[in-house]
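The structure under discussion appears below in the form of structure tokens.
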Amino acid sequence: MATQIQPGTQRPKVPRTQPGIEQFTLEQRVALLEQELEQLHRTTPDANKVTLLIFSGEQDKALAGLVIATTAASLGMDVTLFFTFWGINVLKQKRVYSGKDIKEKMIDFMTPKGAGHMGVSQMNMLGLGANMLQQMMKDKNVVSADELLALARENGVHIIACSMTLQVMGIKAEELTDGIEVAGAASYLASASRSGCTLFI
Amino acid sequence: MATQIQPGTQRPKVPRTQPGIEQFTLEQRVALLEQELEQLHRTTPDANKVTLLIFSGEQDKALAGLVIATTAASLGMDVTLFFTFWGINVLKQKRVYSGKDIKEKMIDFMTPKGAGHMGVSQMNMLGLGANMLQQMMKDKNVVSADELLALARENGVHIIACSMTLQVMGIKAEELTDGIEVAGAASYLASASRSGCTLFI
Amino acid sequence: MATQIQPGTQRPKVPRTQPGIEQFTLEQRVALLEQELEQLHRTTPDANKVTLLIFSGEQDKALAGLVIATTAASLGMDVTLFFTFWGINVLKQKRVYSGKDIKEKMIDFMTPKGAGHMGVSQMNMLGLGANMLQQMMKDKNVVSADELLALARENGVHIIACSMTLQVMGIKAEELTDGIEVAGAASYLASASRSGCTLFI
């Protein structure tokens, strides 16, 4: 595809400031412009693309990322969510203990499954902050993180789980919610490098 | 305005790699180039724009964001700061309790007003870290977060408070510092999608 | 250099939508296109550049940043890592106490030297989480943060220590690992504004 940026594509120098351009014929100058415009096209991010990396396992941060992602999708933008490290917990729907070693089981036991069970980054106070935030959002008719994740998926947001995280933490694909891809850091970079808005959440 | 990017604007394919371009007249090719350059212009972020989302209510993170914002403004860049979630505390100047429900009052009581009262993300130790950081910055003539916020405003930085956060936390506009706008996630995206540098702080 | 973006460079308006362009000769239109393409080139971020700001002193976050940086470098991308605030600890290799005041010594004593001694952002539990994460990564043959930092340097990643942080915390250049530059927020912005992918970690 002509418009896809390959990471590693070197942006060419523009020869406009080089001397001698006026010696070219008009046709040569137009051919050069066509070539350069295509190269610039391939090496610039697209303002209509958004790629968010969800690293944190905190409910309030996941919520902020999901609000941005679903708002962007509703505006017609092309959105990718890449879940890594503790952010993977947002995608966990159930626990599978069989076939895991003791460290994998421990990390599984200590991390929440799904955004509704995650704490908040401030004022957590043994879950009080998280519950209060959820209650206040409910009072004001703001939807929950789990609802926003479903909404994102329905609206064509690309949802990717980090393959290295799954491997290190011993998480199985069947523990995750449906309709997601599994990919690595190179895939993240291919998407982020083409995006106008890139955030680490 | 011709140069404003609308979120959702699809970037067109560049037809340079399509066969048959050499059958066009030179004038047609120039007209096509003009059209494509304008489209590329409208769908690429501007390296001179910076949009920072301040989510965190930690003094050190707010400080980092404000240092980047004021430095960018001093370099002539076009800067937008979007304060959301706990980041709203940076903008709080006084507390208004009347007309708030009990959960809103509690969240108000538990969150600091103004950056000078906020903790730090590491080594907070009941405020010791925050005080020590402030003292060390003062010793080295580095200005405080509240001073940087005033400096940002004086230098034309666009300061936006997230409307959803104000609504969920029951914060009133009169509790915030002067000279700020109130807007939602769509406004954030309109600014961020046009910006070369976008950070979630 | 023609392709370097100076922060503060105003992006020009594209006159394509202005009336009267059809009155220009073809040669004038081509000359205008050449000029505008060069201006657009200078004011758009480059999808092949990545600039990560490492603010956090948490091992898992540093690790995430270093995985992205080394993956990007291996894909041929141009990568800059800017270490500031607690992120500076990733670069600390030894402690020098002489010539520091009491607050500088305290902050030195309380902060780790090198990524291997840093805690994690979640489940730290007095170091248990950090040790477990390291052990699990070792079991799965994922390299450590210190190894990734060396790998980044070997692969041409630009590593910058924030000059303001060194000054405020009283850290001396000889305490940091070799092969790094010291620079301020303006240098960070010069790099970030040219980059497709910018993250605050």
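The values are calculated or read from the model by the stated rules, or taken from the named source; none is laboratory data. Here the structure is a predicted model, which is why all the values come from computation and not from measurement. Cβ coordinates were reconstructed from backbone atoms using ideal geometry, including for glycine residues, and neighbour counts include every protein chain displayed. Side chains included, ligands, DNA and RNA excluded: accessible areas come from the protein's heavy atoms. Shrake-Rupley method; radii C 1.70, N 1.55, O 1.52, S 1.80 Å.
State the residue of chain B whose Cβ is nearest the axis carrying B onto A, and the distance in whole angstrom.
Per the Cβ-to-axis criterion, the result reads B:THR44, 3.
Which aspartates and glutamates, on any chain, are close to A:LYS49 with Cα under 16 Å apart, when same-chain ones fewer than 8 places away are left out?
A:ASP78, B:ASP46, C:ASP46
Can you work out the Karplus-derived ³J(HN,Hα) for every residue in the stretch A:32-38? Use 6.51 cos²θ - 1.76 cosθ + 1.60 with θ = phi - 60°, whole Hz, and x for glycine or proline.
5, 4, 4, 5, 5, 5, 5
Going 7 Å from Cα along the Cα-Cβ axis for the label, what nanometre distances separate B:GLY76 from the same residue across the other copies?
In nanometres, ordered from closest: 3.4, 3.4.
Chains A and C: what accessible area do they bury, summed, in square angstrom to the nearest 100, with a 1.4 Å probe?
Numbers: alone 12110 and 12130 Å², together 19850 Å².
Roughly 4400 Å² of accessible surface disappears when A and C pair.
I'd like the accessible area for B:LEU149, computed on protein heavy atoms only with a 1.4 Å probe and all protein chains in place. Round to 10 Å², please.
10
Of C:HIS158, C:HIS41, B:HIS117, which has the most accessible area and how do the rest follow, probe 1.4 Å?
B:HIS117, C:HIS158, C:HIS41
Once the whole set of protein chains is in place, how much accessible area is left on A:GLU27, using a 1.4 Å probe, in Å² to the nearest 10?
The accessible area comes out at roughly 100 Å².
Once the label point is placed 7 Å from Cα along Cβ, list for C:GLY179 the distances to the corresponding points in the other copies, in nm, shortest first.
4.6, 4.6
May I ask which residue of C:LEU176, C:GLY156, C:TYR188 lies farthest towards the positive end of the charge dipole of the stretch C:136-199, with charges of +1 (Lys, Arg) and -1 (Asp, Glu) on Cβ and the Cα centre as origin?
Comparing the listed Cα positions along the dipole, C:TYR188 ranks first.
What net charge do the residues around C:ILE68 carry, taking every other residue with its C-beta under 14 Å from that of C:ILE68, with Lys and Arg at +1 and Asp and Glu at -1?
With Lys, Arg at +1 and Asp, Glu at -1, the neighbours total 0.
Quick one: pull the percent of accessible area on the stretch A:147-201 belonging to carbon and sulfur, 1.4 Å probe, ligands and nucleic acids left out.
48
What gaps in nm, shortest first, separate A:GLY99 from its twins in the other copies when you place the label 7 Å past Cα toward the beta carbon?
Values, ascending and in nm: 5.8, 5.8.
With r as the distance between the Cβ atoms of A:LEU151 and A:LYS172 and R0 = 30 Å, compute the FRET efficiency 1/(1 + (r/R0)^6) and round to 0.05.
The value I calculate is 0.70.
Could you sort C:LYS138, B:LYS172, A:LYS61 by accessible area so the largest value comes first, with the probe set to 1.4 Å?
Reading off the accessible areas and sorting them downward yields C:LYS138, B:LYS172, A:LYS61.
Taking the alpha-carbon distance from A:LYS61 and a cut-off under 16 Å, which aspartates and glutamates remain once sequence neighbours fewer than 8 residues away in the same chain are dropped?
Hits, sequence-local ones excluded: A:ASP146, A:GLU147, B:GLU58.
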